[in-house]
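Trainee: Got a structure here, written out as structure tokens. Questions coming.
The values are calculated or read from the model by the stated rules, or taken from the named source; none is laboratory data. Note that the structure is a prediction, hence the values are computed from the model and not measured. With ideal geometry, Cβ positions are generated from the backbone for all residues, glycine too; neighbour counts draw on all protein chains shown. Heavy atoms of the whole protein, side chains included, go into the accessibility calculation; ligands, DNA and RNA do not. Shrake-Rupley method; radii C 1.70, N 1.55, O 1.52, S 1.80 Å.
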Amino acid sequence: MGLDEIKRRVAAAEQAAGRAAGAVTLIAVSKVQPDARVTAVLDAGHRTFGENYVQEAQGKWPGWRDAYDGVSVHMIGPLQSNKAKPAVALFDAIHTLDRMSLARKLAQQVTEQGRSPQLFVQVNTGDEPQKAGILADELPGFLTSCRDLGLTPEGLMCIPPEGEDPVPHFRLLRRLAEENGLPKLSMGMSADFEAAIAEGATHIRVGSAIFGARDYG
Ligand SMILES: *Cc1c(COP(=O)(O)O)cnc(C)c1O
């Protein structure tokens, strides 16, 4: 279990970047991991987790929320509009608000359930045709539309293109957040979280470096 090592590296990266200790929220991405690995991290005192699939999260987290105080679960995977209802019920944050149809469904559920998960807008920083996310040019208009629906996005999220230097993408995301008055930045994974912290990440999403490799078999 790599939790202690990752926490140590996060603290070192915060310090190296001249940021306050604890400025970065470490989201332990537990998707697809065996239960025993997740409970080991819970037993070690960690409380913030990330999941990619609504159904998987629904099966795991209600029980662990009962067993452990103060658990917070973040949705970091693509969210189908027809899963907006369970997603609003289950998650404390949603990092993947990436289109108007989803914004409408989330707004409806926030009103119906009286529950408002923290929202991040996913930005397609690499302009990749196959990737989810709002294009940089379209972000101001998208944020206005979200606010018109009564939603209050607090930050931006990105997944840089595979095989590219992630730093220009982290910088773009930071600039967009500043220009749009958003205080939170969800960026950085196992391979690049230290670079993301140097560029201002407030939330990093680290899976395999904490839990070990995922087995999708
Ligand atoms: C799976 C996943 C992660 C964690 O990836 P690791 O490389 O295991 O740290 C982070 N962000 C998103 C969006 C993911 O889907």
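Trainee: Pick from 52, 124, 82: which is most flexible by mean-square fluctuation in a GNM of the chain where alpha carbon atoms under 10 Å apart are linked?
Mentor: 82
Trainee: Still on this structure: Could you go through region 14-24 in sequence order and give the Karplus-derived ³J(HN,Hα) for each residue, using 6.51 cos²θ - 1.76 cosθ + 1.60 with θ = phi - 60°, rounded to whole Hz, and x for Gly and Pro?
Mentor: Whole-Hz 3J(HN,Hα) from phi for region 14-24: 4, 5, 4, 8, x, 9, 5, 4, x, 5, 10.
Trainee: Region 126-217: which GluC sites (Glu not before Pro) are DSSP loop and have at most 13 other beta-carbon atoms within 10 angstrom?
Mentor: Hits after loop and neighbour filter: 162, 164.
Trainee: So what is the relative contact order of the chain, in percent, for Cα pairs below 8 Å that sit 6 or more residues apart?
Mentor: Across the chain, relative contact order equals 22 percent.
Trainee: Name the long-range amide H neighbours of residue 96: under 5 Å, sequence gap of 5 or more, or other chain; modelled H, no Pro or chain starts.
Mentor: Result for residue 96 returns 120.
Trainee: Still on this structure: Using the Cα centre as the reference, give the magnitude of the dipole from point charges on the C-beta atoms of region 1-55 (Lys, Arg: +1; Asp, Glu: -1; all else neutral), rounded to the nearest 20 debye.
Mentor: The dipole magnitude comes to about 160 debye.
Trainee: Which Cα, out of 159, 134, 87, lies furthest along the positive dipole direction of the chain (beta carbon charges, K/R +1, D/E -1)?
Mentor: 87
Trainee: Further question: For the chain, what % of the accessible area comes from carbon and sulfur atoms, probe 1.4 Å?
Mentor: Carbon and sulfur: 48 percent of the exposed surface of the chain.
Trainee: What percentage of all Cα-Cα pairs in region 134-217 are separated by more than 21 Å?
Mentor: Summing the P(r) of region 134-217 above 21 Å gives 36 percent of all pairs.
Trainee: In a solvent-free Debye calculation with one equal scatterer on each Cα, what is log10 I(q)/I(0) for region 66-129 at q = 0.21, 0.25, 0.29 Å⁻¹, listed in the order of the q values?
Mentor: Log-scaled intensity ratios, in q order: -0.82, -1.07, -1.33.
Trainee: Dipole size in debye (nearest 20) for the chain around its Cα centre, Lys and Arg Cβ +1, Asp and Glu Cβ -1?
Mentor: I would put it at about 460 debye.
Trainee: Okay, next question. May I ask you to give the average projected area over all directions of the convex hull of the Cα atoms of region 176-217, in nm² rounded to one decimal?
Mentor: Details: hull surface 14.7 nm².
For the Cα atoms of region 176-217, the hull's average projected area reads 3.7 nm².
Trainee: Another question, if that's okay. When the Kirkwood radius is taken over all Cα pairs of the chain, what Stokes-Einstein diffusion coefficient follows at 4 °C and 1.567 mPa s, in µm²/s? It would help to have the intermediate numbers written out before the result.
Mentor: Numbers: Rh = 17.6 Å.
The calculation lands on 74 µm²/s.
Trainee: In Å², what does the accessible area per residue of the chain work out to with a 1.4 Å probe?
Mentor: Numbers: 9920 Å² over 217 residues.
For the chain, the per-residue accessible area is 46 Å².
Trainee: Another question about this same structure. Which of the aspartates and glutamates could a cross-linker span from residue 31 if the Cα-Cα distance has to be under 12 Å and same-chain partners fewer than 8 positions apart are dropped?
Mentor: Of all the aspartates and glutamates, those that pass the test against residue 31 - Cα under 12 Å, at least 8 places apart if same chain - are 51, 56, 215.
Trainee: Let me ask another. May I ask you to order 70-77, 201-208 by the average number of other C-beta atoms within 10 Å around their residues, highest value first? Intermediate values should be presented prior to the final figure.
Mentor: Details: 70-77: 19.9, 201-208: 22.8.
So the order, starting with the most tightly packed, is 201-208, 70-77.
Trainee: Here is a follow-up. To the nearest 500 deg cm²/dmol, what mean residue ellipticity at 222 nm is calculated for the chain from DSSP H runs of n ≥ 4 alone, each contributing -39,500 (n - 2.57), summed and divided by the residues?
Mentor: -12500 deg cm²/dmol
Trainee: If you average the alpha carbon positions of region 4-72 and of region 93-117, how far apart do those two centres end up, in angstrom?
Mentor: 23
Trainee: Next question. In percent, what relative contact order does region 159-217 have, based on Cα pairs under 8 Å that are 6 or more apart in sequence?
Mentor: RCO, region 159-217: 27 percent.
Trainee: For the chain, set up a GNM with springs between Cα atoms under 10 Å and report which of 153, 78, 34 has the largest fluctuation.
Mentor: 34
Trainee: Cross-link candidates for residue 105: which lysines have Cα within less than 20 Å, leaving aside residues fewer than 8 places away along the same chain?
Mentor: Correct list for residue 105: 83, 85.
Trainee: Follow-up. Ordered by residue, what ³J(HN,Hα) values in Hz, to whole numbers, does region 109-118 give under the Karplus form 6.51 cos²θ - 1.76 cosθ + 1.60, where θ = phi - 60° and Gly and Pro are x?
Mentor: 6, 4, 5, 5, 9, x, 9, 10, x, 4
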